[in-house]
Amino acid sequence: MPLDKNWYTEEWAGQGSAISLKINSKVHDEQSTYQRIEIYETETFGTLMTLDGLVMVTDRDNFVYHEMMSHPALFTHPDPQRVLVIGGGDCGTLHEVLKHKTVTLAEQVELDERVTRVSEKFFPELCESNNDPRAKLHFADGIKWVADAKPETYDVIIIDSTDPVGPAAGLFSEAFYKNCFRALRPKGIVVGQSESPLFHADLIRSVQKSFKAAGFRDVATLFFPQCTYPSGWWSATIAGKDAALANFRAQDAAAKTFATRYYNRDIHAAALASPEFLRTR
Ligand code: SAM
């Protein structure tokens with residue numbers, strides 16, 4: 001049944017499926033140097049941002065993604081102080097990172113300044129930590145940033161990227177992960193969004209393999225729901241220079257001093273359990 005013009009529909013190429021959100025209005029539309037940025041007001045998911053026609057953020061469900069991109073990595077590192085976010089222009093991940101009191105510096109390297117400026121206007125709650133003195137926003141290519149970084153600069157690197165096409169493709173490569181390894185201090189942790197377990201299992205296997213080939217001692221994938229991303233089921237793959245990822249700071253996670261809506265100690269442990277078809281250990 002065709003949907004009328006009051007629906008935003010993202011077809012999932014090659015998957016014979018799609019997501020539709022009922023919209024009240026389109027409130028922003030621009031072509032930046034890098035991508036088309038559109039903002040809609042939806043009927044039940046709040047504000048929606050799409051980049052090149054793909055859902056990035058909705059008010060209603062972004063907390064799951066942003067919390068899972070940040071807290072598992074930060075509660076795995078024994079003392080995360082210096083954090084780098086690559087991409088993440090909506091600033092939701094940065095906001096979660098800054099909830100950790102141990103963090104002294106959170107640098108974000110986003111390619112497209114317009115994504116951040118538009119988010120500041122339409123997603124103010126995600127951007128409310130941008131003026132935290134520990135936050136430093138840079139607008140540059142994350143691949144080059146990490147290649148140029150001095151060795152042992154960061155404790156945690158979070159790759160909050162778009163899909164592995166165009167400028168984000170290199171963020172899924174072994175060469176980039178080798179540079180992350182070099183840029184991380186001992187005990188360093190890297191985590192990157194790694195797409196849908198149902199639709200992109202080969203990509204997840206390849207990301208796991210590339211992290212290992214780049215020198216990371218332990219690699220694991222975290223699984224979580226994300227109802228507006230393809231298939232509704234999403235993943236982030238985490239790698240440790242030295243750490244055994246199952247031994248995260250569970251007591252600190254249980255006694256966390258800040259509010260979350262999805263993440264907690266038990267969710268963290270459960271998210272590390274692999275479905276049978278993606279089991280590596
Ligand atoms: N939550 C989203 C998802 O998984 O669909 C990702 C959100 S975030 C808005 C992704 C950001 O990565 C985009 O703003 C894009 O401009 C940025 N990006 C893509 N390639 C990049 C690169 N090479 N360096 C830095 N940022 C990059």
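Quick one: how many Å² of CYS127 are accessible to a 1.4 Å probe, rounded to 10?
Only protein atoms counted, so the area is about 20 Å².
Might you tell me the accessible area per residue for segment 7-58, computed with a 1.4 Å probe and given in Å²?
Values: 2520 Å² over 52 residues.
The answer is 48 Å² per residue.
First measure r as the distance between the Cβ atoms of LEU278 and ALA255, then evaluate 1/(1 + (r/R0)^6) with R0 = 30 Å and state the FRET efficiency to the nearest 0.05. The partial results should precede the final answer.
Working: r = 31 Å, r/R0 = 1.04.
Once rounded, the FRET efficiency stands at 0.45.
So if I take the centroid of the Cα atoms in segment 67-98 and the same for segment 243-271, what is the distance between those two points in Å?
What the calculation gives is 13 Å, centre to centre.
Given the -39500 (n - 2.57) contribution per DSSP H run of 4+ residues, what per-residue ellipticity at 222 nm results for the chain, rounded to the nearest 500 deg cm²/dmol?
Numbers: 8 runs with 71 residues, N = 281.
Value at 222 nm, helices only, nearest 500: -7000 deg cm²/dmol.
Which residues' amide hydrogens lie under 5 Å from the amide hydrogen of SER32, considering only partners 5 or more residues apart or on another chain, with H built in the peptide plane?
HN-HN under 5 Å from SER32: ILE37.
With an 8 Å Cα cut-off and a minimum separation of 6 or more residues, compute the relative contact order for the chain in percent.
Values: 580 pairs, mean separation 44.0, N = 281.
Dividing the mean separation by the residue count of the chain yields 16 percent.
Using label points projected 7 Å from each Cα along Cα→Cβ, tell me how many nm separate ASP266 and THR44, to one decimal.
If labels sit at ASP266 and THR44, their model points lie 2.7 nm apart.
7 Å from Cα along Cα→Cβ at both LEU198 and ASN131: what's the point-to-point distance in nm?
Here the answer is 4.2 nm between the modelled labels.
Report, in cubic angstrom per residue, the convex hull volume of the C-alpha atoms of segment 62-278. Don't skip to the answer; put the middle values down first.
Numbers: hull volume 23.6 nm³, N = 217.
Per residue, the Cα convex hull of segment 62-278 comes to 109 Å³.
Does anything in segment 42-64 have its amide N under 15 Å from the 7 Å Cα→Cβ label point of TRP12, and if so which residues?
54-56
Tell me, what HN-Hα J-couplings in whole Hz come from the Karplus equation 6.51 cos²θ - 1.76 cosθ + 1.60 at θ = phi - 60° for each residue of segment 214-229, using x for Gly and Pro?
So the J values, rounded to whole Hz, are 7, x, 5, 6, 10, 9, 8, 10, 9, 10, 7, x, 8, 5, 9, 9.
Ignoring everything but the protein chains, give the 1.4 Å probe accessible area of GLU67 in square angstrom, nearest 10.
Solvent-accessible area, nearest 10 Å²: 10 Å².
Over segment 62-278, average the accessible area per residue using a 1.4 Å probe and give it in Å², no decimals.
For segment 62-278, the solvent-accessible area averages 39 Å² per residue.
How much length is gained on full extension from ALA140 to ALA246, taking 0.36 nm per residue of separation minus their Cα-Cα distance?
Values: separation 106, 0.36 × 106 = 38.16 nm, distance 3.34 nm.
Gain on stretching ALA140 to ALA246: 34.8 nm.
Using only the Cα atoms, work out Rg/Rh for segment 69-156, with Rh taken as the Kirkwood radius, to two decimals. Don't skip to the end; give the middle numbers.
Values: Rg = 12.4 Å, Rh = 13.1 Å.
Rg divided by Rh gives 0.95.
Based on the alpha-carbon gyration tensor of segment 7-58 and its eigenvalue square roots a ≥ b ≥ c, which shape applies: rounded if a/c is under 1.5, prolate if not and a/b is larger than b/c, or oblate? Walk me through the intermediate numbers first.
Details: a/c = 2.33, a/b = 1.08, b/c = 2.17.
Verdict is oblate for segment 7-58.
Given a Förster radius of 51 Å and the C-beta distance between LYS101 and LYS5 as r, what FRET efficiency does 1/(1 + (r/R0)^6) yield to the nearest 0.05?
Working: r = 48 Å, r/R0 = 0.94.
After rounding, the FRET efficiency stands at 0.60.
Based on DSSP, what percent of beta bridges with both residues in the chain are antiparallel, to the nearest 5? Provide the component values of the computation, followed by the final result.
Details: 35 of 55 bridges.
If I count the DSSP bridges inside the chain, around 65 percent turn out antiparallel.
Quick check: the angle from helix 174-183's long axis to the longest principal axis of the chain, C-alpha only, nearest 10 degrees?
Between the helix axis and the principal axis of the chain, the angle is about 60 degrees.
Can you give me the Kirkwood hydrodynamic radius for segment 1-149, using every pair of distinct Cα atoms, in Å to one decimal? Mind showing how you got there, number by number?
On the way: mean 1/r = 0.0606 Å⁻¹.
About 16.5 Å for segment 1-149.
Based on the alpha carbons, how large is the Rg to Rh ratio for segment 170-281 when Rh follows Kirkwood? Present the calculation step by step, with values, prior to reporting the outcome.
Values: Rg = 14.2 Å, Rh = 14.7 Å.
Reported Rg/Rh (Cα atoms, Kirkwood Rh): 0.96.
So, with a 1.4 angstrom probe, what is the percent of accessible area on the chain that is carbon and sulfur?
52
The values are calculated or read from the model by the stated rules, or taken from the named source; none is laboratory data. On a predicted model such as this, the values are computed, not experimentally measured, just so you know. Positions of Cβ are generated from backbone atoms using ideal geometry, with glycine treated the same way; all protein chains shown enter the neighbour counts. SASA here: full protein model, heavy atoms, side chains in, ligands and nucleic acids out. Shrake-Rupley method; radii C 1.70, N 1.55, O 1.52, S 1.80 Å.
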